[in-house]
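Since the structure comes first, as structure tokens, the remarks are kept for the end.
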Amino acid sequence: MWDTIRSVVRFKPVETDPVARRLAKAANVHDLRRMAKRRLPGGVFDYIDGGAEDEVTLERNSLAFAELEWVPRVLRNVQAIDPATTLLGRRHPMPLVLAPTGFTRIADSQGELAVARAAERAGLTYSLSTMGTRSIEEVAEVSDGPKWFQVYVWKDRGLVAELLGRAKAAGFEAIIITVDLAVLGRRERDVRRGFELPPKIGPSTIIDGIVHPGWTWDFVRADPITFSSVVGQHDIDGSTAVSLADHAHQQFDQSLSWADIAWFRQQWDGPIVIKGVQSVADAEIAVEHGIEAVALSNHGGRQLDQAPVPLELLDPVLQAVGGETEVIVDGGIRRGSDIVKAMCLGASACMAGRAYLYGLGAAGERGVDHVLGLLRADMERAMALVGATTIDDLSPDLVRWRSG
Ligand SMILES: Cc1cc2nc3c(=O)[nH]c(=O)nc-3n(C[C@H](O)[C@H](O)[C@H](O)COP(=O)(O)O)c2cc1C
């Protein structure tokens with residue numbers, strides 16, 4: 001009997017580091033989302049997690065990946081898997097760019113710095129938002145990794161030109177012009193909570209703060225949150241509480257049109273990514289303007305509800321402009337296998353936002369490392385199981401839509 005008991009009992013060493021303990025239980029991004037939900041105040045979690053109106057698009061972005069099933073091939077020698085790819089002339093160890101997210105410090109006080117450092121460790125490109133809560137220079141100081149700068153086009157073009165000059169000087173390699181936010185989508189979770197940025201700890205949020213002591217303690221000890229790249233240059237620089245809708249309405253240039261691309265070309269001599277393309281027609285116009293990459297994106301379901309799902313738009317866009325511009329799929333990526341599916345359909349790369357924000361909210365910078373590690377391991381496993389060793393092996397015949 002003792003021999004049997006001895007053969008089955010295993011005592012693992014006790015893990016004393018609480019973050020390592022937490023991460024050991026995070027088998028996937030959904031687990032990290034649940035952990036972030038527990039650790040962050042409700043309003044903060046909903047700002048990250050939520051989408052526009054009925055959140056139909058938010059849900060469909062992810063569901064589309066489940067609707068695309070594998071047609072795996074076997075006996076193909078998958079001893080050595082390499083998911084590396086080239087995007088805008090740079091080699092990436094996997095086809096993933098960390099999407100720009102405003103107010104990243106809301107999830108963890110290190111915010112953009114933590115994400116940029118984790119991206120550099122993974123060899124991936126990090127995109128910094130205009131609404132970043134760490135400045136262009138602060139991010140460049142902590143990361144020598146590849147970086148893109150995302151631009152919301154403010155009415156004050158002098159300010160935009162200045163930001164582009166600073167991004168160039170700081171070594172950012174490309175700009176992303178986000179074009180799906182002429183006005184802010186109606187994010188009804190934020191409306192219900194009266195959510196403002198930066199979050200204010202008032203009577204309504206005090207209990208939320210008390211029941212999320214880890215986040216609250218981190219938040220109150222850190223410097224105040226502002227839009228760090230524009231602080232002091234504008235009335236609305238994030239130092240006073242403002243609703244996101246008011247901010248977008250007052251600052252962003254609703255008159256922006258394709259004609260303005262020429263202005264960007266004068267200000268910026270590197271690659272331009274247009275993010276928020278949602279139709280074949282606009283992908284074609286982007287190509288006419290010589291745009292180096294389009295990101296098919298509905299802003300993670302945060303802008304126009306019932307907008308097209310990027311994964312489903314990929315094939316028609318490639319039919320129209322494939323080979324003339326790089327095409328990035330953005331929205332709903334929760335697993336490395338999702339990235340593999342987009343690559344099978346011919347994407348140049350994917351972008352992910354919430355996946356890393358959940359990691360950051362659940363466990364800070366190490367949570368982001370954990371997510372990037374999970375996505376990479378998932379990719380390698382999925383590639384091995386469908387019989388592909390390189391990105392070039394990923395072809396449309398490895399997947400099929402369940403609906404036919
Ligand atoms: C909390 C949050 C903030 C975001 N802020 C920005 C932003 O400042 N600029 C931008 O171009 N996109 C922003 N996005 C959209 C992301 O860049 C990306 O399109 C989206 O997260 C992709 O969907 P996913 O979260 O399902 O990966 C934000 C998304 C989230 C979740």
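The values are calculated or read from the model by the stated rules, or taken from the named source; none is laboratory data. All values reported here derive from a predicted model rather than from experimental measurement. Every residue, glycine as well, gets a Cβ built from its backbone with ideal geometry; the counts of neighbours run over all protein chains shown.
Within segment 50-89, the set of residues being among the aliphatic types (A, V, I, L, M), under 21 Å from the mean Cα position of the chain (by Cα) and either more than 10 Å from the ligand (Cβ to nearest atom) or over 15 Å from residue 305 (Cβ atoms) (or both) comprises 52, 56, 63, 64, 66, 84, 87, 88. Would you check if there is a residue in segment 77-85 being within 21 Å of residue 31 (Cβ to Cβ), touching a residue at least 60 places away in the same chain (Cβ under 8 Å) and small (Gly, Ala, Ser)? There is no residue in segment 77-85 that is within 21 Å of residue 31 (Cβ to Cβ), touching a residue at least 60 places away in the same chain (Cβ under 8 Å) and small (Gly, Ala, Ser).
Yes or no, residue by residue, for (1) under 20 Å from residue 59 (Cα atoms); (2) at pLDDT 95 or above; (3) within 16 Å of the ligand (Cβ to nearest atom):
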{"site": "265", "(1), (2), (3)": "no, yes, no"}
{"site": "294", "(1), (2), (3)": "no, yes, yes"}
{"site": "298", "(1), (2), (3)": "yes, yes, yes"}
{"site": "336", "(1), (2), (3)": "yes, yes, yes"}
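When restricted to residues that are within 15 Å of the ligand (Cβ to nearest atom) and either under 15 Å from residue 97 (Cβ atoms) or surrounded by fewer than 21 Cβ atoms within 10 Å (Cβ to Cβ) (or both), segment 108-124 contains 5. Looking only at residues of segment 90-100 that are closer than 17 Å to residue 329 by Cβ and either within 16 Å of the ligand (Cβ to nearest atom) or among the charged types (D, E, K, R) (or both), we find that the one that is farthest from the chain's Cα centre (by Cα) is 94. Close contacts from segment 169-184, counting a first residue that is closer than 18 Å to residue 294 by Cα and modelled with pLDDT under 95 and a second that is within 13 Å of the ligand (Cβ to nearest atom) and of a type in the set (Phe, Trp, Tyr), with Cβ to Cβ under 9 Å and a gap of 6+ residues or different chains, come to 181/152; 181/252; 182/252.
Within segment 352-379, the set of residues being more than 14 Å from residue 119 (Cα to Cα) and either of a type in the set (A, V, I, L, M) or modelled with pLDDT under 95 (or both) comprises 362, 363, 377, 379. Condition first: within 27 Å of residue 402 (Cα to Cα) and among the hydrophobic types (A, V, I, L, M, F, W, C). Can you find one or more residues in segment 6-29 that meet it? Scanning segment 6-29 turns up at least one residue that is within 27 Å of residue 402 (Cα to Cα) and among the hydrophobic types (A, V, I, L, M, F, W, C). You will find that of 58, 68, 40, the residue that is surrounded by 16 or more Cβ atoms within 10 Å (Cβ to Cβ) and in contact with a strand residue (DSSP E or B) (Cβ under 6 Å, 6 or more places away or on another chain) is 68 and no other. The set of residues in segment 362-404 being of a type in the set (Gly, Ala, Ser), closer than 23 Å to residue 33 by Cβ and touching a Lys or Arg at 6+ places or on another chain (Cβ under 7 Å) consists of 362, 363.
When restricted to residues that are surrounded by 19 or more Cβ atoms within 10 Å (Cβ to Cβ) and touching a strand residue (DSSP E or B) at 6+ places or on another chain (Cβ under 9 Å), segment 381-398 contains 5.
In segment 125-146, the residue that is nearest to the chain's Cα centre (by Cα) out of those that are part of a loop (DSSP other than H, G, I, E, B) and within 14 Å of the ligand (Cβ to nearest atom) is 129. Residues in segment 182-197 that are assigned to a loop (DSSP other than H, G, I, E, B) and surrounded by fewer than 17 Cβ atoms within 10 Å (Cβ to Cβ) were compared, and the one that is nearest to the ligand (Cβ to nearest atom) is 182. With the condition kept exactly as written, say whether any residue in segment 2-11 is within 26 Å of residue 395 (Cα to Cα) and part of a loop (DSSP other than H, G, I, E, B). No, segment 2-11 contains no residue that is within 26 Å of residue 395 (Cα to Cα) and part of a loop (DSSP other than H, G, I, E, B). For segment 349-359, state whether one or more residues are assigned to a loop (DSSP other than H, G, I, E, B) and either within 15 Å of the ligand (Cβ to nearest atom) or under 16 Å from residue 274 (Cα atoms) (or both). Scanning segment 349-359 turns up at least one residue that is assigned to a loop (DSSP other than H, G, I, E, B) and either within 15 Å of the ligand (Cβ to nearest atom) or under 16 Å from residue 274 (Cα atoms) (or both).
The set of residues from segment 147-176 being part of a helix (DSSP H, G or I) and either more than 15 Å from residue 269 (Cα to Cα) or more than 16 Å from the ligand (Cβ to nearest atom) (or both) comprises 157, 158, 159, 161, 162, 165, 166, 168, 169. Regarding segment 39-49, can at least one residue be identified that is within 16 Å of the ligand (Cβ to nearest atom), touching a Lys or Arg at 6+ places or on another chain (Cβ under 9 Å) and either farther than 20 Å from residue 103 by Cα or free of Cβ contacts under 8 Å to residues at least 12 places away in the same chain (or both)? Checking segment 39-49: not a single residue is within 16 Å of the ligand (Cβ to nearest atom), touching a Lys or Arg at 6+ places or on another chain (Cβ under 9 Å) and either farther than 20 Å from residue 103 by Cα or free of Cβ contacts under 8 Å to residues at least 12 places away in the same chain (or both). Evaluating residue 23 against the criteria (1) of a type in the set (A, V, I, L, M); (2) more than 16 Å from the ligand (Cβ to nearest atom); (3) surrounded by 19 or more Cβ atoms within 10 Å (Cβ to Cβ); (4) not in a helix (DSSP H, G or I) leaves one unmet condition, (4). Looking across segment 307-327, the residues that are aliphatic (A, V, I, L, M) and within 24 Å of residue 385 (Cα to Cα) come down to 311, 314. Restricting attention to segment 115-162, the residues that are under 19 Å from residue 364 (Cβ atoms) and basic (Lys, Arg) total 3.
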